[in-house]
1. Once the Cα atoms of the chain are picked out, what are the Rg and Dmax in Å?
2. Residue separation times 0.36 nm, minus the C-alpha to C-alpha distance between Tyr183 and Lys23: what's the value?
3. State the Cα centre-to-centre distance between the stretch 248-262 and the stretch 138-172 in whole Å.
4. Out of the total accessible area of the stretch 7-158 (probe 1.4 Å, heavy atoms of protein only), what percent is carbon and sulfur?
5. Under the definition of Cα pairs under 8 Å and six or more residues apart, what whole-number percent is the relative contact order of the stretch 1-158?
6. Only sites in a loop by DSSP and with at most 16 other Cβ atoms within 10 Å count here; which trypsin sites (Lys or Arg not before Pro) in the stretch 49-128 make the cut?
7. Can you give me the angle between helix 136-153 and the longest principal axis of the chain, using Cα atoms only, in degrees from 0 to 90, rounded to the nearest 10?
8. What lysines sit close enough to Lys40 to cross-link, taking a C-alpha to C-alpha distance under 27 Å and skipping anything fewer than 8 places away on the same chain?
Amino acid sequence: MKCRKCENKASVHMRQHKLALCKEHYLEWVPEQTARFIKKYEMFTPNEKILVAVSGGKDSLSLWDILVRLGYQVDGLYLGLGIDGGINYSHESQRLAEKFANENNLKLHVVDIEKEYGHSIPVLSESSHRGHGKPCAVCGLAKRHEMNRIARDLGYDVLATGHNLDDEAAVLFGNTLTWSGDYLLRQGPVLAGAEGLARKVKPLCRFYEREMTAYAIARGIEYIYDECPFADGSQSIFYKESLNLLETARPGAKLIFYLSFLEAKKAGNLFIERSVGHAHLHPCPRCGQPTSTPDFCSFCRMIEKAQTEAAE
Ligand code: Q46
Ligand code: ZN
Ligand code: ZN
């Protein structure tokens, strides 16, 4: 098959768009599309300072690469989670994030959870009741807290993450199966900022995962191939596999599922109402982040518990 834009052989075929492109034109198409999504969903403007959360994986490093190519002011944030899993996961992902930053002359902030709070994610998870023995609930809480903290302390307007369509469709699928109204109402390419919280955006939310893999490879970005060892057997992977079955039978199904949701939400056609008695937010007395839990926020309570147990 030939590239739609030139006579060369196509290297990426996107069945859902009925589009095939050669490497060179694919590398132009991805940033063009990203720029279109940034504008369409009003993610940010060229004057805003952006912090991109990088994990060392293909999506977040590609996102950083694309935003830099589009001319935005964007720095990176790497969170050291202290996960080994027999594959040296955190060290390797940090090395690759740092390599990318150095090679491209970009600024990367590195925050190590263990250095900052005394315990790595797997250790914090052991002393917490969250997550039924899996560290993901603790990890998610810590990542959200630290991203918000760094964005606020260092004065970034926007926090960008590399979630792709497969990630977003899997979350949407999970929230739909349980009709989690509040989560459905919050899900989307942009989550507005609030007092002390940067706006959150997902510029890659309309790209399939395999499109991001193709981009990272075509750009020669070195990224960590392994998933976090704790991702294995997770619900989100199960949902992704289920959606992939659907996608194989009906190319474009995943994109239609997500985009139709966004349209229905925009038109106010979700048939879901925000739950009444919405929790009142107040600043956490320890870290200052808005929280709905009385007194300290969930993150600060978790850290305090782990520190007290370690001291006993
Ligand atoms: S939540 Fe769980 Fe991920 Fe944290 S412990 Fe690994 S799999 S990294 S996206
Ligand atoms: Zn071409
Ligand atoms: Zn707090």
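1. Cα only, the chain: 20.0, 71 Å (Rg, Dmax).
2. On the way: separation 160, 0.36 × 160 = 57.60 nm, distance 3.78 nm.
Taking 0.36 nm per residue and subtracting the Cα distance, the gain is 53.8 nm.
3. Between the Cα centres of the stretch 248-262 and the stretch 138-172 lies a distance of 24 Å.
4. Values: 3440 of 7290 Å².
Reported share for carbon and sulfur atoms: 47 percent.
5. Value for the stretch 1-158: 18 percent.
6. Details: sites: Lys49, Lys58, Arg69, Arg95, Lys99, Lys107, Lys115; in loops: Lys49, Lys107.
Those that pass, being in a loop and sparsely packed, are Lys49, Lys107.
7. 90 degrees
8. Excluding near neighbours in sequence, the set is Lys5, Lys18, Lys23, Lys49, Lys58, Lys200, Lys202, Lys240, Lys254, Lys265, Lys266.
The values are calculated or read from the model by the stated rules, or taken from the named source; none is laboratory data. Computed from a predicted structure; not experimentally measured. Don't worry about glycine lacking a Cβ; one is built from the backbone with ideal geometry, like all the others, and counts go over all protein chains shown. Ligands, DNA and RNA are excluded from the accessible area calculation, which covers all protein heavy atoms including side chains. Shrake-Rupley method; radii C 1.70, N 1.55, O 1.52, S 1.80 Å.
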